[in-house]
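Colleague: Please find one structure pasted underneath; my questions will follow.
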Amino acid sequence: MCLFTVNPFPHTILFMTKSPFCANWFTMGRTPRLVFGVGARTSVVGLLREAEIARVGIVTGASSLRQSAAWKELLNALADAGIAWCDFALRGEPGPAFVDETVQGLREANAQAVIAIGGGSPLDAAKAAAAGFFLEGSIREYLEGVGSRSPDGRTLPVYALPTTAGTGTEATKNAVLSEIGPSGFKKSLRHDNYIARVAIIDPELAVGCPGMVTAASGMDAITQLIEPYVSTAAQPFTDALAESGLMWAGRCLERAVADGTDLEARSGMAYAAYLSGICLANAGLGVVHGAASPAGAAVEIPHGVFCGTLLAASVRLTVERLDESDPAHAAALQKYARAGVLLSGRDRGSVAANCAGLIDELERLTEAIGIPRLGGYGFTADIARAVATRTDGKNHPLVLDQESIEQLLLSRL
Ligand SMILES: [Fe+2]
């Protein structure tokens with residue numbers, strides 16, 4: 001893939017009553033301005049200058065990026081441009097305590113924008129801190145299902161540079177924050193305005209990403225393409241993006257895991273992950289992500305591992321139970337079949353054969369790239385039961401009862 005840019009899609013609402021495409025009407029939220037391609041990272045300072053930004057906060061993860069040439073290159077470019085910066089390093093999962101500290105630092109520095117560089121966790125922390133800059137009290141008070149206050153939508157502009165290809169948070173309007181433990185939570189700060197101003201996706205930034213992280217992040221992206229594609233809120237616009245993302249992920253995930261320096265594979269996965277963020281923000285998610293929130297609050301497990309390990313089993317369970325005599329279910333089966341063709345690159349001829357092909361391909365991929373099971377992360381049968389009681393089925397094409405969700409989790413213990 002060559003370097004390219006895409007201007008933001010404005011927020012649109014399309015009314016399509018009695019449309020042949022979907023049941024009623026759909027909306028597409030705003031997307032970031034996108035700068036995509038090898039070397040895209042060097043555009044960030046020019047974009048800051050274009051916006052007349054003189055003071056910026058930088059949020060990163062705690063480890064490898066800060067040892068890299070890209071980090072030194074960024075700081076030198078900021079210094080050359082006369083842009084002052086303060087920086088914040090996130091250790092582990094993003095939680096309210098880190099975000100509140102970062103907000104304090106951004107205010108003391110009188111920051112005008114935030115650069116977010118790293119995996120999904122630092123990007124989420126940066127988005128939350130950019131919003132928290134304008135909010136009274138702790139960010140915790142504004143989290144869905146945790147606090148009682150509503151965010152007002154003001155935010156510092158965020159320039160998002162993902163270094164992993166998975167969560168798609170560079171394209172979404174929410175930031176997921178968590179605290180782990182018996183009274184833990186994994187919940188979103190959300191507002192339409194919390195979309196990053198610019199997503200700068202440079203596949204070269206992912207070259208140092210370890211194979212296991214590449215594998216888990218990639219499976220998260222695939223889950224975030226399949227779940228919106230078969231969602232009860234699916235719509236033609238996101239369907240087109242999901243189809244493109246699944247094709248690229250099918251071609252590129254194993255290559256990116258096998259050889260982290262394969263820039264074409266890194267590009268394909270970065271592109272698929274970005275599309276997955278747009279898809280989930282506009283068409284919703286399914287039962288795997290419904291379970292991921294309570295699971296992430298109960299045990300420390302990488303989000304991508306959780307989603308990746310459950311994806312094939314959830315598709316198998318759903319496909320087996322969908323009733324093809326029901327028009328909505330038949331439409332979902334056709335989607336699963338199409339996903340099977342795109343992901344595997346092979347058309348097996350019929351809906352049933354391609355649904356089976358999707359399940360086979362997901363099971364093969366899960367093994368081939370070494371996605372672990374849940375047990376190694378302290379997940380137990382008791383936790384599975386508790387998570388099942390707290391799972392929101394979201395927009396899954398089939399309503400699954402608590403016992404079925406528990407069995408799904410136990411099947412990957
Ligand atoms: Fe996800």
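Colleague: Are any residues in segment 186-200 part of a strand (DSSP E or B) and among the charged types (D, E, K, R), and if so, which ones?
Modeller: Across segment 186-200, the qualifying residues are Lys186, Lys187, Arg190.
Colleague: Could you list, in sequence order, the residues of segment 62-79 that are within 24 Å of the chain's Cα centre (by Cα), in a helix (DSSP H, G or I) and more than 16 Å from Pro203 (Cα to Cα)?
Modeller: Hit for segment 62-79 is Arg66, nothing else.
Colleague: Counting only residues that are assigned to a loop (DSSP other than H, G, I, E, B) and of a type in the set (Val, Ile, Thr), how many does segment 334-351 have?
Modeller: Of the residues in that region, 0 qualify.
Colleague: Every residue in segment 336-357 that is charged (D, E, K, R) and farther than 23 Å from Val399 by Cβ, please.
Modeller: Filtering segment 336-357 for residues charged (D, E, K, R) gives 338, 346-348.
Correct list: Arg346, Asp347, Arg348.
Colleague: For segment 134-148, which positions are of a type in the set (Ser, Thr, Tyr), outside any helix (DSSP H, G or I) and closer than 22 Å to Ala111 by Cβ?
Modeller: Answer for segment 134-148, where residues must be of a type in the set (Ser, Thr, Tyr), outside any helix (DSSP H, G or I) and closer than 22 Å to Ala111 by Cβ: just Ser138.
Colleague: Let me ask something else about it. Could you check, for segment 295-316, whether at least one of its residues is more than 21 Å from Ala215 (Cα to Cα) and either outside any helix (DSSP H, G or I) or not hydrophobic (A, V, I, L, M, F, W, C) (or both)? So that I can check it myself, show each step before the final result.
Modeller: Narrowing segment 295-316 to residues more than 21 Å from Ala215 (Cα to Cα): 297-298.
From what is left, the residues that are either outside any helix (DSSP H, G or I) or not hydrophobic (A, V, I, L, M, F, W, C) (or both) are none.
No, because not a single residue in segment 295-316 is more than 21 Å from Ala215 (Cα to Cα) and either outside any helix (DSSP H, G or I) or not hydrophobic (A, V, I, L, M, F, W, C) (or both).
Colleague: Then there is this: Assess whether Leu333 counts as being touching a Cys at 6+ places or on another chain (Cβ under 7 Å) and under 20 Å from Pro397 (Cα atoms).
Modeller: Criteria met by Leu333.
Colleague: Residue by residue through segment 203-239, note down the ones that are over 20 Å from Gly118 (Cα atoms) and away from the ligand (no atom under 16 Å from the Cβ). Working first, answer last.
Modeller: Within segment 203-239, the first condition is being over 20 Å from Gly118 (Cα atoms), and the residues that meet it are 223, 225-239.
Listed by number, the residues that qualify are Thr232, Ala233, Ala234, Gln235, Pro236, Phe237, Asp239.
Colleague: Okay, next question. Out of Ala292, Ala328, which single residue is part of a helix (DSSP H, G or I), in the same structural domain as Gly218 (by TED's automatic domain parsing) and out of contact with any helix residue (DSSP H, G or I) (no Cβ under 6 Å at 6 or more places or on another chain)?
Modeller: On the way: Ala292 fails: out of contact with any helix residue (DSSP H, G or I) (no Cβ under 6 Å at 6 or more places or on another chain).
Of the residues listed, the single one that is part of a helix (DSSP H, G or I), in the same structural domain as Gly218 (by TED's automatic domain parsing) and out of contact with any helix residue (DSSP H, G or I) (no Cβ under 6 Å at 6 or more places or on another chain) is Ala328.
Colleague: How many of the residues making up segment 153-186 are in contact with a Pro (Cβ under 6 Å, 6 or more places away or on another chain) and within 14 Å of the ligand (Cβ to nearest atom)?
Modeller: Selection size over segment 153-186: 1.
Colleague: While we're here: Is it fair to say Ile201 is in the same structural domain as Gln112 (by TED's automatic domain parsing) and at pLDDT below 95?
Modeller: For Ile201, the condition - in the same structural domain as Gln112 (by TED's automatic domain parsing) and at pLDDT below 95 - is not met.
Colleague: How many of the residues making up segment 84-103 are assigned to a loop (DSSP other than H, G, I, E, B), under 26 Å from Val207 (Cβ atoms) and not basic (Lys, Arg)?
Modeller: 3
Colleague: Quick one: Asn282 ticks every box in (1) within 16 Å of the ligand (Cβ to nearest atom); (2) under 22 Å from Val387 (Cα atoms); (3) part of a helix (DSSP H, G or I) bar one, so which box is it?
Modeller: Result: Asn282 fails condition (2) only.
Colleague: Of Glu93, Glu136, Glu101, Glu108, which residue is among the charged types (D, E, K, R), in contact (Cβ under 8 Å) with a residue 40 or more places away in the chain and farther than 22 Å from Arg197 by Cβ?
Modeller: Values: Glu136 fails: in contact (Cβ under 8 Å) with a residue 40 or more places away in the chain; Glu101 fails: in contact (Cβ under 8 Å) with a residue 40 or more places away in the chain; Glu108 fails: in contact (Cβ under 8 Å) with a residue 40 or more places away in the chain.
It is Glu93.
Colleague: Specify which of the listed residues (Thr318, Thr261) is surrounded by 20 or more Cβ atoms within 10 Å (Cβ to Cβ) and within 30 Å of Thr31 (Cβ to Cβ). If you could, list the steps in order and put the result at the bottom.
Modeller: Numbers: Thr261 fails: surrounded by 20 or more Cβ atoms within 10 Å (Cβ to Cβ).
Exactly one residue qualifies, and that residue is Thr318.
Colleague: Determine, yes or no, whether Trp25 is of a type outside the set (S, T, N, Q) and not assigned by TED's automatic domain parsing to the domain that holds Gly132. Working first, answer last.
Modeller: Values: of a type outside the set (S, T, N, Q): yes; not assigned by TED's automatic domain parsing to the domain that holds Gly132: yes.
So Trp25 passes the test.
Colleague: Does Leu106 qualify as being within 27 Å of Val207 (Cβ to Cβ) and either of a type in the set (Val, Ile, Thr) or part of a helix (DSSP H, G or I) (or both)?
Modeller: No: the conditions fail for Leu106.
Colleague: Regarding segment 245-267, can at least one residue be identified that is outside the structural domain of Ala129 (by TED's automatic domain parsing), hydroxyl-bearing (Ser, Thr, Tyr) and within 16 Å of the ligand (Cβ to nearest atom)?
Modeller: no
The values are calculated or read from the model by the stated rules, or taken from the named source; none is laboratory data. Worth saying up front: this structure is predicted, and the values here are computed from it rather than measured. In this analysis, Cβ positions are derived from the backbone assuming ideal geometry, glycine residues included, and neighbour counts consider all displayed protein chains.
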